[in-house]
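A.B. asks: The structure's right below; bear with me while I get my questions together.
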Amino acid sequence: MESRKESKADKLFELARRRGFFWQALEIYGGVSGFVSFGELGVKLKDKIIRLWRDYFIYKHGFTEVDTPLISPYIVFEASGHVNNFKDPIIECLKCHKKFRADHLLMEFNRKISEGISIENIEKEVNKGDVSCPECGNKKWNVGYFLTMFRTTIGPYSENEGFMRPETAQGMFTEFKRIYEVSRGKIPLGIAQIGKAFRNEISPRQGVIRLREFSMMEIELFFDPLNPRCPFLSQVEDEELRIIPEDLVEKGVESPLKITVKEALIKGIIKQEWLAYFMALSKKFLTKLGLSEDKQRFHAKIPSERAHYSAQTYDHEVLLDKFGWVEVAGHAYRTDYDLSSHMKRSSIDMSVSVPLEKPIKVKHLKMNINMKKIKETFPDKFNDLIKVLNKKNPEDVKKEIDASGVIMIEDLKLPKEVIEFVDVDEEIKVRRFIPHVVEPSFGIERLVYATLDHAYFEKGDRTILKIPPYLAPIQAAVFPLVSREKLQEKSITVWEDLKKKGIDAIYDDSGSIGRRYARADEIGVPFAITIDYQTLEDDTVTVRNRDTWEQKRIIIKDLPDYLLSLLCFSDP
RNA sequence: GCGGAGUUGGUCUAGCCUGGUUAGGAUGUCAGCCCCCCAAGCUGAAGGUCGCGGGUUCAAAUCCCGCACUCCGCACCA
């Protein structure tokens, strides 16, 4: 496999640690895997990636952004299906202590396993005596669950169980009603959230690629299932995507189709316009991070590996030096699963209404109930009776009366005279529905890593991070050519001026000029400004380009604008 | 969790088998000299209780045991 002593990824991790992009957290206690800390450069890079994402995904569409709690009570994740789906039944061989996914192992012994099989049933199956450990043949088992959500308690009462969110999405569903209200009833409605999520991985490795605590950028796009058009689609419909659709994944095909967004929709490879739009946007966004198109692909999730809420999911993967194809974003069509689930559990109506273009006239049957008569006949039961009666469908009531001449409410017989049926013409002006959801979801740490991975270059014994200028953590470095007081003074003036203009600049006068260029290259500073003797005569400086090593002389007063023009990115 | 390998200044590492004086080097950092446009050179300095805990021994980075963590495989990754 890897014959070099040190892979690029190893060197990149070393660089990230040494220069303070990020490192494994809690080093003084030996480190805990699945947790990282970010230093200054990492924070800045992360921040710029987030800003770029906001430009691509939020502002442009007029979406709204929220920030909801990291911890929620049990009931939220019970409703969302996570409590049932975010756990794996595990059985442990009591002899060799190997652990297996219980359902997988039972299937090997030809047991029919239903989704969400209970521990009790697993135990029953296992104890029938024919299930033996594939490792040592032993037949005694310990059965349990491994819940991959972090559990905690809320308040002083330990029975009030809560969980750290495993995705930011649920917050946008639980708060949907208010956000919808605040957005003045807009549909389609895009709600974005950037924040931390937590997954108690069994054994996370691969450094920053698989974390127990990580950051996500997610959008829940709520749309009308009867009007699923995406108004932005035309902007990307000719964009070519590299896709491995479900049927190819099933066949084990690894090479992607190249297909335009338009075609993918027509052929049904992507089922939803918004999903297709976000996939295209996602590709453009990643390209902007410096990830070339041939290092990107969309990989369909087949039903068995899809999340419990998903009707279609594409993983947006990038090719990384050491890890191969790694998912950096997931694009899921969640249907109305989440809102419906919360609606059911909370009994709060999550449906929204849109005005109909033309009001619809509907004829329907209405019951005129003779309240007086009923009250006279059943004075005690009146209230309950009316409640039940009002909930009944008039059509059904009429049928019952036509058939038997009476209506039975519990054990009470109501004579047909108490109800009069009339046909009513009603004008329906709105349509109510539960919105469907398309969700693009990005892992920030993975994006940071992917950006660095693709920015990493070596030139002789020097390392250069060719981070796109608009993402560079440090945007400019100011150097006096030599450490002479006059040059130093001038340099500091230039440096101060750049900072005032909002350019993230550093000043360095230690060591030779070449060493300082090298130091700057290693952390991806795109422009190095050198103050030399000529500066003192004509107020010009040289601007040295990190990638080409070319130098340009610029008049100091034009410098900030010159740099800013190179540092900005064209609008998406 | 299992199997294998490993853990020594900021970084990379020598030393461990064959226990013995202030744990060596490279690189980086800082200060000074130099004044030079791509990690040049010279001088000096700071920085390590050798992962943690225990044991053996007159003496442990070195031998033994336990633990933690990391890396590589296996399993897991909704």
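A.B. asks: What is the spin-label model distance, in nm, from A:VAL388 to A:ASP547 if the labels are put 7 Å beyond Cα along the C-beta direction?
C.D. replies: 7.7
A.B. asks: Just to verify a number: FRET efficiency for A:GLU485 and A:ASP47, C-beta to C-beta distance, R0 = 51 Å, to 0.05?
C.D. replies: Here the calculated transfer efficiency is 0.90.
A.B. asks: Using only the Cα atoms of the range A:474-567, build the gyration tensor, take square roots of its eigenvalues as a ≥ b ≥ c, and label the shape rounded, prolate or oblate: rounded if a/c is under 1.5, else prolate if a/b is larger than b/c, else oblate.
C.D. replies: rounded
A.B. asks: Mind sorting A:LYS344, A:LYS262 by how few other Cβ atoms lie within 10 Å of their own Cβ, fewest first?
C.D. replies: Taking fewest neighbouring Cβ atoms as first place, the list is A:LYS344, A:LYS262.
A.B. asks: Provide the descending list of Cα extents for the range A:295-434 along its principal axes, expressed in whole angstroms.
C.D. replies: Cα spread of the range A:295-434 along its principal axes, largest to smallest: 83, 38, 27 Å.
A.B. asks: With only Lys, Arg, Asp and Glu charged, each at its Cβ (+1 for the first two, -1 for the last two), find how big the charge dipole of the range A:364-428 is about the Cα centre; round to the nearest 20 debye.
C.D. replies: With Lys and Arg at +1 and Asp and Glu at -1, about 300 debye.
A.B. asks: Further question on the same structure: Simple spin-label model, 7 Å along Cα-to-Cβ: A:GLU40 to A:LYS466 in nm?
C.D. replies: Going by the 7 Å Cα→Cβ label model, 2.7 nm.
A.B. asks: Which entries in A:LYS60/A:LYS500; A:LYS500/A:LYS557; A:LYS391/A:LYS413 show an alpha-carbon gap greater than 24 Å?
C.D. replies: A:LYS60/A:LYS500
A.B. asks: Another one. Could you tell me which of the pairs A:LYS387/A:LYS416; A:LYS258/A:LYS288; A:LYS48/A:LYS490; A:LYS87/A:LYS258 are separated by over 28 angstrom between their Cα atoms in the structure shown?
C.D. replies: Among A:LYS387/A:LYS416; A:LYS258/A:LYS288; A:LYS48/A:LYS490; A:LYS87/A:LYS258, the Cα-Cα distance tops 28 Å for A:LYS48/A:LYS490; A:LYS87/A:LYS258.
A.B. asks: Within a 10 angstrom radius of the beta carbon, how do A:SER353, A:SER183 rank from fewest other beta carbons to most?
C.D. replies: With the sparsest Cβ surroundings first, the list reads A:SER353, A:SER183.
A.B. asks: Among A:ASP380, A:ASP532, A:ASP247, A:ASP10, which comes first, second and so on when ranked by fewest other beta-carbon atoms within 10 Å?
C.D. replies: A:ASP380, A:ASP247, A:ASP10, A:ASP532
A.B. asks: Between A:GLU420 and A:ILE360, how high is the FRET efficiency from 1/(1 + (r/R0)^6) when r is the Cβ-Cβ distance and R₀ = 25 Å? Nearest 0.05.
C.D. replies: 0.45
A.B. asks: When ranked by the protection proxy of mean other Cβ atoms within 10 Å per residue, highest first, what sequence do the peptides A:543-552, A:323-332 form?
C.D. replies: Highest to lowest by the protection proxy: A:323-332, A:543-552.
A.B. asks: Shifting gears a bit: Please label the shape of the range A:356-430 as rounded, prolate or oblate, based on the square roots a ≥ b ≥ c of the eigenvalues of the alpha-carbon gyration tensor (a/c under 1.5 means rounded; beyond that, a/b larger than b/c means prolate, else oblate).
C.D. replies: prolate
A.B. asks: Convert 4 °C to kelvin, take the viscosity as 1.567 mPa s, use the Kirkwood radius over C-alpha pairs of chain A as Rh, and evaluate the Stokes-Einstein diffusion coefficient in µm²/s, rounded to a whole number.
C.D. replies: Translational D for this selection: 45 µm²/s.
A.B. asks: Rounded to the nearest Å, what's the spacing between the alpha carbon centres of the range A:453-511 and the range A:182-216? Just the number, please.
C.D. replies: So the separation of the two Cα centres works out to 34 Å.
A.B. asks: Could you pull out the trypsin sites (Lys or Arg not before Pro) across the range A:180-259 that fall in loop regions by DSSP (anything but H, G, I, E, B) with no more than 16 other Cβ atoms inside 10 Å?
C.D. replies: A:ARG184, A:LYS186, A:ARG205, A:ARG229
A.B. asks: Suppose R0 equals 45 Å. What FRET efficiency, 1/(1 + (r/R0)^6) with r the Cβ-Cβ distance, do A:TRP325 and A:ASP224 give to the nearest 0.05?
C.D. replies: Taking R0 as 45 Å, the efficiency between A:TRP325 and A:ASP224 is 0.80.
Quick note: the coordinates plus some simple rules give every number you see, no bench work behind them. Quick caveat, the model's predicted, so the values are computed rather than measured. Note that each Cβ is placed from the backbone with ideal geometry, even for glycine, and that neighbours are counted across all protein chains shown.
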